[in-house]
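Engineer: There's a structure below that I have some questions on.
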């Protein structure tokens, strides 16, 4: 990574932690819908970047959210999980283009982008709610929270990417 990429990712990291902690953690629609925008950092991290660095930064990102939320490590666990599983999701979503390092998220076809973001968000939310609720007796609550929060977070992430994408 170059210096400009490091500064951009550092700014994105701090801004997402503050936005999540100060604003989005206080949104709770109908008891099931909580938007988690901070995972956009993991989604848009450079595809050719260091994977160990991504896992470490994902841990720090999740830990930061956990500290502000007093949630005991569930965000850190979910963030590290999706950072670890990201190459598989990229390969599934983008296919051969990912193997040859030819993808740019903002230039990829819309359907492939939506598939990638949806997979990652739903996996994150599922792990998050499993660890948060930590009871298989409440599996319907876990699935309902995952589905509703996942759909809302996916829409929020897609709108954010659309809002901050560079025009060519």
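Engineer: I'd like the full set of residues that are under 17 Å from residue 20 (Cβ atoms), without any contact (Cβ under 8 Å) to a residue 24 or more places away in the chain and out of contact with any helix residue (DSSP H, G or I) (no Cβ under 9 Å at 6 or more places or on another chain), limited to the range 118-168.
Structural biologist: Result: 155, 159, 163, 164.
Engineer: So, of the residues in the range 101-112 that are more than 11 Å from residue 47 (Cα to Cα) and either touching a helix residue (DSSP H, G or I) at 6+ places or on another chain (Cβ under 6 Å) or assigned to a loop (DSSP other than H, G, I, E, B) (or both), which turns out to be modelled with the highest pLDDT?
Structural biologist: Looking at the filtered set, the residue picked out is 112.
Engineer: Then there is this: In the range 23-45, which residue that is loosely packed, with under 14 Cβ neighbours inside 10 Å and in contact (Cβ under 8 Å) with a residue 24 or more places away in the chain is farthest from residue 164 (Cα to Cα)?
Structural biologist: 30
Engineer: On to the next question. Got a sec? Which of 119, 142, 155 is modelled with pLDDT of 95 or more, in a helix (DSSP H, G or I), within 18 Å of residue 81 (Cβ to Cβ) and out of contact with any strand residue (DSSP E or B) (no Cβ under 9 Å at 6 or more places or on another chain)? Quick ask: steps written out before the conclusion?
Structural biologist: Working: 142 fails: modelled with pLDDT of 95 or more; 155 fails: within 18 Å of residue 81 (Cβ to Cβ).
It is 119.
Engineer: Next question. Kindly check whether there is at least one residue in the range 58-69 that is in contact with a helix residue (DSSP H, G or I) (Cβ under 9 Å, 6 or more places away or on another chain), within 18 Å of residue 161 (Cβ to Cβ) and either touching a residue at least 24 places away in the same chain (Cβ under 8 Å) or part of a helix (DSSP H, G or I) (or both).
Structural biologist: yes
Engineer: Go through 11, 41 for me and flag whichever is at pLDDT 90 or above, part of a helix (DSSP H, G or I) and out of contact with any helix residue (DSSP H, G or I) (no Cβ under 8 Å at 6 or more places or on another chain).
Structural biologist: Among 11, 41, only 11 is at pLDDT 90 or above, part of a helix (DSSP H, G or I) and out of contact with any helix residue (DSSP H, G or I) (no Cβ under 8 Å at 6 or more places or on another chain).
Engineer: Further question: Anything in the range 70-97 that is in a helix (DSSP H, G or I), free of Cβ contacts under 8 Å to residues at least 12 places away in the same chain and either under 12 Å from the mean Cα position of the chain (by Cα) or surrounded by fewer than 16 Cβ atoms within 10 Å (Cβ to Cβ) (or both)? List them, or say none.
Structural biologist: 88, 91, 96
The values are calculated or read from the model by the stated rules, or taken from the named source; none is laboratory data. Keep in mind it's a predicted model, so treat the numbers as computed, not measured. Ideal geometry is used to build each Cβ from the backbone, glycine not excepted, and the neighbour counts take in all protein chains shown.
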